[in-house]
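A.B. asks: Have a look at this one.
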Amino acid sequence: MKTEDKILAAQTSLLWDQPFFGVLMLQLKKVRVDDPKKVDTMATDGRHLFYHPPFVDELKKDELVFVLAHEVMHNALEHHIRRQSRKPGRWNDACDYAINGELVECKVGKMPERGLLEARFTGLSAEEIYRILDDENNGDDSAEGQGDTGGCGGTMDGCAQHDEAAKAELRAEMQTQIRQAAMTAKAAQAGKLPAGVQRIIDELLMPKVDWRAVLRRFIDESSTRDFSWSRPNRRLLPLGLVTPGTVSDGVSHIVIAVDTSGSIDEPTLNAFAAEVRGAFEEGSVDKIDVVYCDAAINHTEQFEMGDELFIRAVGGGGTRFSPVFEWVTEKAADTKLVIYLTDLLCNDFGDEPHCPVIWAHYGTKSQFQQLSPNVPWGECVHIEP
């Protein structure tokens with residue numbers, strides 16, 4: 001059987017048996033790649049399915065069905081726009097681990113023998129799995145560039161990872177396709193989807209809160225700003241240049257609390273810091289205190305307008321939130337907003353402060369959904385790169 005006919009047969013089988021995945025597969029333009037240095041198994045960038053004929057030819061039909069579903073799950077989970085600065089090979093492995101367990105549970109085809117599957121990664125996001133793999137390999141890059149180690153196909157960047165407009169376009173396309181596929185699958189299966197597939201669809205279509213918009217709601221970038229000699233630009237002072245700084249009638253002093261008991265990955269921390277740094281540099285914030293705390297406050301740093309804001313990734317220790325709010329009450333009474341960067345694995349919240357609080361959660365979405373309802377006050381947002 002020709003390679004293309006084999007793919008068509010597996011796609012048809014997927015449409016009949018698992019129409020949600022089959023409809024998503026129909027959306028992808030199939031592209032043959034004969035050079036194994038470019039694609040040695042399969043890959044997708046959100047709009048195309050790239051396949052290497054020798055890889056397809058060696059698969060049994062039920063294995064090919066699994067691999068096709070695997071590829072559309074890369075797109076549905078937006079793996080092609082979530083990599084950020086992570087190592088491509090290790091990122092693909094992390095994504096494979098996140099996908100394969102779901103497909104095995106849903107009984108979609110048969111996973112190829114080389115497929116990556118470990119029970120310890122069940123329910124974890126690709127970002128969290130990546131962090132574990134990177135830690136276990138001490139950041140070693142030696143496996144990079146060695147092709148698809150998982151043998152189920154991979155994911156390519158759908159666009160430049162810094163191009164937020166292109167990412168938004170790809171994300172909107174994918175959400176539309178997921179809704180269409182869900183409607184078609186439900187109609188084809190008499191209104192009742194397999195429990196595992198229904199759960200996947202529910203998670204994919206769950207409304208996504210734009211955490212950046214939540215931050216901006218409190219740190220108002222549209223607040224009136226003006227230049228003033230009373231606050232020289234401190235960044236240029238070391239160069240011997242005295243220039244006017246900016247003053248704002250918006251939020252003047254915020255506290256960023258960092259839960260040092262957890263382990264936040266660098267891309268997530270960088271995305272969070274960049275958003276706060278943007279407001280700081282625009283003049284929406286006059287002063288920022290960064291408080292590092294586990295069971296007690298370990299360290300504080302203060303940044304004023306013109307300073308370059310740094311937030312460090314640190315880990316270790318127990319978890320108590322109350323010391324931060326006690327510190328705010330005693331030493332930073334003029335605080336207008338507290339942003340607490342945390343995994344939410346704590347029950348000691350302390351007393352509610354006089355100002356608004358944003359709980360900026362890092363970790364898995366499932367963990368966020370489980371823990372955020374237990375937060376007694378403040379607004380919870382899930383931070384993603």
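The values are calculated or read from the model by the stated rules, or taken from the named source; none is laboratory data. These figures come from a predicted structure and were not determined experimentally. Here Cβ is always computed from backbone atoms with ideal geometry, including for glycine, and neighbour counts include all displayed protein chains.
A.B. asks: Determine which member of the set GLU281, GLU308 is surrounded by fewer than 18 Cβ atoms within 10 Å (Cβ to Cβ), part of a helix (DSSP H, G or I), acidic (Asp, Glu) and modelled with pLDDT under 90.
C.D. replies: Just one listed residue meets the conditions, GLU281.
A.B. asks: Being within 22 Å of ILE288 (Cβ to Cβ) and either of a type in the set (Phe, Trp, Tyr) or in contact with a Lys or Arg (Cβ under 9 Å, 6 or more places away or on another chain) (or both) narrows it down to one of LEU309, LEU341, so name that one.
C.D. replies: On the way: LEU341 fails: either of a type in the set (Phe, Trp, Tyr) or in contact with a Lys or Arg (Cβ under 9 Å, 6 or more places away or on another chain) (or both).
Sole residue among the options that is within 22 Å of ILE288 (Cβ to Cβ) and either of a type in the set (Phe, Trp, Tyr) or in contact with a Lys or Arg (Cβ under 9 Å, 6 or more places away or on another chain) (or both): LEU309.
A.B. asks: Does segment 338-370 hold any residues that are of a type in the set (A, V, I, L, M) and surrounded by fewer than 20 Cβ atoms within 10 Å (Cβ to Cβ), and which are they?
C.D. replies: The initial filter retains those residues of segment 338-370 that are of a type in the set (A, V, I, L, M), namely 338-339, 341, 344-345, 357-358, 360.
Once the filter is applied, which keeps residues that are of a type in the set (A, V, I, L, M) and surrounded by fewer than 20 Cβ atoms within 10 Å (Cβ to Cβ), segment 338-370 yields only LEU345.
A.B. asks: Out of THR342, THR260, THR364, which single residue is polar (S, T, N, Q), in contact with a Cys (Cβ under 8 Å, 6 or more places away or on another chain) and in contact (Cβ under 8 Å) with a residue 24 or more places away in the chain? Walk me through it before giving the result.
C.D. replies: Numbers: THR342 fails: in contact with a Cys (Cβ under 8 Å, 6 or more places away or on another chain); THR364 fails: in contact with a Cys (Cβ under 8 Å, 6 or more places away or on another chain).
Checking each option against the conditions leaves just THR260.
A.B. asks: Same structure, new question: Inspect all residues belonging to segment 338-351 and state whether any of them is assigned to a strand (DSSP E or B) and either among the basic types (Lys, Arg) or farther than 27 Å from ALA126 by Cα (or both). Please lay out each step first, then the result.
C.D. replies: Of segment 338-351, the ones assigned to a strand (DSSP E or B) are 338-342.
Narrowing further to those that are either among the basic types (Lys, Arg) or farther than 27 Å from ALA126 by Cα (or both): 338.
Yes, because at least one residue in segment 338-351 is assigned to a strand (DSSP E or B) and either among the basic types (Lys, Arg) or farther than 27 Å from ALA126 by Cα (or both).
A.B. asks: Among residues belonging to segment 201-216 that are over 16 Å from the mean Cα position of the chain (by Cα) and surrounded by 12 or more Cβ atoms within 10 Å (Cβ to Cβ), point out the one that is modelled with the highest pLDDT.
C.D. replies: This residue is ILE201.
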